[in-house]
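The structure follows.
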Amino acid sequence: MSVYALFHLGIRIDKPSSKFLRRIRNRYNKIAKDYDRGSEAWPAGRLAYERKRQFMAYCLKKYGLMRQGALLLDLGCGTGAYIPFLINGGLRVVGIDLSINMLRIAKQKAPRAEFVLASMYDLPLRTDTFDALIAMGAIQFHFSATHFGIHKPALLEIQRTAKKRAMVIFELNNPIGPLYWRSFPSDILRIRKLAYPWSVIKFLASLRFKVIEVASCILIFFPIYGISLQLKMENYAERIPILRFLGRFLLLCTAVCS
């Protein structure tokens, strides 16, 4: 991986190398079946997926996109965890991923969807095509100085393929969420370099992504409670604005501005 520098607005466009992308593709080709089996096998995983689906449905319905024929692109769709739910909502869905084995599993889950084997940094798709796009974990701004630069080409590709005022939903790791540190305890050594929500929102705004809805996922987790009760607790907590930024994952719904 090359060295990424801050440039102009603090960002330099620098795509991941083909070697890096090949390594990612090979890794996910090997673990595709285990990835699919394990994604919702544990209670916190099921809660996370349900909460993310809930947020997607809320945003798509609120802005009139959960409708018959609307076209949605799932970037880094993996094994298609969200695609059947979106198809059932009337949308036409295109899933894109680097891993052929992940896409094969996704196709079994959602035979009515279309799938493309490609990198999100070079989308083989037409300009001004999609009404909505989702990037659920596919674009992560872990360290601002490097990952803002790495992912800027993907964000520009989203801009290109999205229609004017299209909706884009991002799911991001959230370093101000207490549960983040259970997954990344060593990040305490680089705490000043992390991509915090305010810096991510500012960066997205510089690329004309206007944040219109914010939520978080897994604010707190009690394994002894069922998923439905946990969801009610999360929904109640979201009424308090500051708590929307304290979950393990940050969910941002943005509009593409011209």
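Just checking, which of 245, 209, 203, 249 is modelled with pLDDT of 95 or more, within 24 Å of residue 149 (Cα to Cα) and not aliphatic (A, V, I, L, M)? Give the derivation first.
On the way: 245 fails: modelled with pLDDT of 95 or more; 203 fails: modelled with pLDDT of 95 or more; 249 fails: modelled with pLDDT of 95 or more.
So the residue among 245, 209, 203, 249 that is modelled with pLDDT of 95 or more, within 24 Å of residue 149 (Cα to Cα) and not aliphatic (A, V, I, L, M) is 209.
Only residues that are assigned to a loop (DSSP other than H, G, I, E, B), surrounded by 17 or more Cβ atoms within 10 Å (Cβ to Cβ) and among the small types (Gly, Ala, Ser): list them for the range 109-136, please.
Answer for the range 109-136, where residues must be assigned to a loop (DSSP other than H, G, I, E, B), surrounded by 17 or more Cβ atoms within 10 Å (Cβ to Cβ) and among the small types (Gly, Ala, Ser): 110, 113, 119.
Taking the range 192-202, which residues are more than 16 Å from the chain's Cα centre (by Cα) and not basic (Lys, Arg)?
If the condition is that a residue be more than 16 Å from the chain's Cα centre (by Cα) and not basic (Lys, Arg), then 194, 198, 199 are the ones that fit.
Where in the range 155-258 are there strands (runs of 3 or more DSSP E), lying wholly inside it, with at least 1 residues that are touching a residue at least 60 places away in the same chain (Cβ under 8 Å) and among the basic types (Lys, Arg)? Working first, answer last.
Values: elements: 162-173, 209-217, 249-256.
Per the criteria, 162-173.
Give me the pairs, please: first residue somewhere in the range 108-125 and over 15 Å from residue 88 (Cα atoms), second residue anywhere and assigned to a loop (DSSP other than H, G, I, E, B) and among the basic types (Lys, Arg), beta-carbon distance under 6 Å, and either six or more positions apart or on two chains.
Pairs that qualify, where the first residue is over 15 Å from residue 88 (Cα atoms) and the partner is assigned to a loop (DSSP other than H, G, I, E, B) and among the basic types (Lys, Arg), are 121/15.
Then there is this: Just one of (1) of a type in the set (S, T, N, Q); (2) more than 20 Å from residue 215 (Cβ to Cβ); (3) without any contact (Cβ under 8 Å) to a residue 60 or more places away in the chain trips up residue 101, so point out which.
Failing condition for residue 101: (3).
Of the residues in the range 177-208, how many are β-branched (Val, Ile, Thr) and surrounded by 15 or more Cβ atoms within 10 Å (Cβ to Cβ)?
Within the range 177-208, residues that are β-branched (Val, Ile, Thr) and surrounded by 15 or more Cβ atoms within 10 Å (Cβ to Cβ) number 2.
Being without any contact (Cβ under 8 Å) to a residue 40 or more places away in the chain and among the charged types (D, E, K, R) is the filter; apply it to the range 51-96 and report the residue that is farthest from residue 136 (Cα to Cα).
By that ranking, first place goes to 67.
The values are calculated or read from the model by the stated rules, or taken from the named source; none is laboratory data. Treat the numbers as computed from the prediction; the structure is a model and nothing was measured. Quick reminder, even Gly has a Cβ in these numbers, built from the backbone with ideal geometry, and neighbours come from all protein chains shown.
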